[in-house]
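The values are calculated or read from the model by the stated rules, or taken from the named source; none is laboratory data. Please read all numbers here as calculations on a predicted model, not as lab measurements. As a convention, Cβ positions derive from the backbone with ideal geometry for all residues, glycine included, and neighbour counts pool all protein chains shown.
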Amino acid sequence: MRFASLRNVAVFGCALLLSGCDFGVLTPAGPVGSADATIMLDSLAIMLAIVIPTIVAVLAFAWWFRESNVHARYMPDFVYSGRVEFVVWSIPILVIMFLGGIIWIGSHELDPYRPLRSIIKPMDVQVVSLDWKWLFIYPQEGVASVNDLVVPAGTPVHFYLTSSSVMNAFFVPRLGSMIYTMNGMVTQLHLEASRVGDYLGESAHFSGDGFPGMKFTVHAVSPAAYGEWVRAAKSRGPVLNPQTYLALEQQSSNVPPMTYRSVTPNLFHQIAIQALPPGPGPQHGEPGPQVRPVAEK
């Protein structure tokens, strides 16, 4: 009962602090984000269970043992108390056990590689972090976009992520877990937007001069609106092939959103295995490696 009251106080306090915000991790818009927020609030409540009594005890001891209180017992020979030792050690151990349990359960339930429970088949999105922009490839639709991610609301999204150069971090605070992107490697992440809306996405790892502008918007739309967007994307914009990708890979900041009407098959795979050369990284003026030929399959 006491734990539930502390948790309600924590939730109410956080709600007051974030009443003017609609982009934080405590205002989730998807199942992963909701689970992350629950873990954070539960952890806060557990820690407050020891922090608040400790603060109260410090103030109470200071008041009771003040110089003017003639009723306070002065014990200059006090050395050891089994009851005090029990309290001092048992409370931190319980806190560690509770926090460890939450972390253990959450780390398995929210494993980025674990598919979300849904009767709807997930869609695939391939993500490439570049200097300093985001490339999103939709392999099932054959289109791509830059700094704009459009997904149908209520549909799980299976992300495959890599980097064109330095390490980066893909993060949509309201949808859930952050995950790193690394050159020459592919990581995975499952997210879902439960309702229609626009959600801030950003890089959560410093990657050079253009890092502040390395943001994107996640547009969660209805399935019908998503189909219309795909049809519109296929009717305009350039083709994303190895040549246009290498041009896009060059360093640029605050890139406006754009789309590609078609994508060369297996382009993401070529990027991930470095068949297409990595970008130059955050230092300007350094020449990038030469293009290696890609064997035809």
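Has the range 115-134 got at least one residue that is surrounded by fewer than 17 Cβ atoms within 10 Å (Cβ to Cβ), closer than 30 Å to Ser207 by Cα and of a type in the set (Phe, Trp, Tyr)?
no
Show me the strands (runs of 3 or more DSSP E) entirely contained within the range 133-229 in which 1 or more residues are of a type outside the set (A, V, I, L, M) and more than 20 Å from Thr27 (Cβ to Cβ).
Here the list reads 133-138, 143-146, 148-152, 157-163, 168-171, 179-181, 187-191, 197-203.
For residues that are more than 23 Å from Arg117 (Cα to Cα) and either free of Cβ contacts under 8 Å to residues at least 12 places away in the same chain or within 16 Å of the chain's Cα centre (by Cα) (or both), tally how many sit in the range 146-162.
Our first condition is that a residue be more than 23 Å from Arg117 (Cα to Cα); within the range 146-162, this holds for 146-148, 162.
Keeping just the survivors that are either free of Cβ contacts under 8 Å to residues at least 12 places away in the same chain or within 16 Å of the chain's Cα centre (by Cα) (or both) gives 162.
Counting residues in the range 146-162 that are more than 23 Å from Arg117 (Cα to Cα) and either free of Cβ contacts under 8 Å to residues at least 12 places away in the same chain or within 16 Å of the chain's Cα centre (by Cα) (or both) gives 1.
Report yes if some residue within the range 191-199 is within 25 Å of Gly279 (Cα to Cα) and modelled with pLDDT of 95 or more; otherwise report no.
So far as the range 191-199 goes, no, none of its residues is within 25 Å of Gly279 (Cα to Cα) and modelled with pLDDT of 95 or more.
Report the residue count in the range 254-268 for those that are closer than 20 Å to Arg231 by Cα and touching a residue at least 24 places away in the same chain (Cβ under 8 Å).
Here the count works out to 8.
Out of the range 70-84, which residues are exposed (fewer than 10 other Cβ atoms within 10 Å of the Cβ) and either over 24 Å from Thr54 (Cβ atoms) or not basic (Lys, Arg) (or both)?
Val70, His71, Tyr74, Met75, Pro76, Asp77, Phe78, Val79, Tyr80, Gly82
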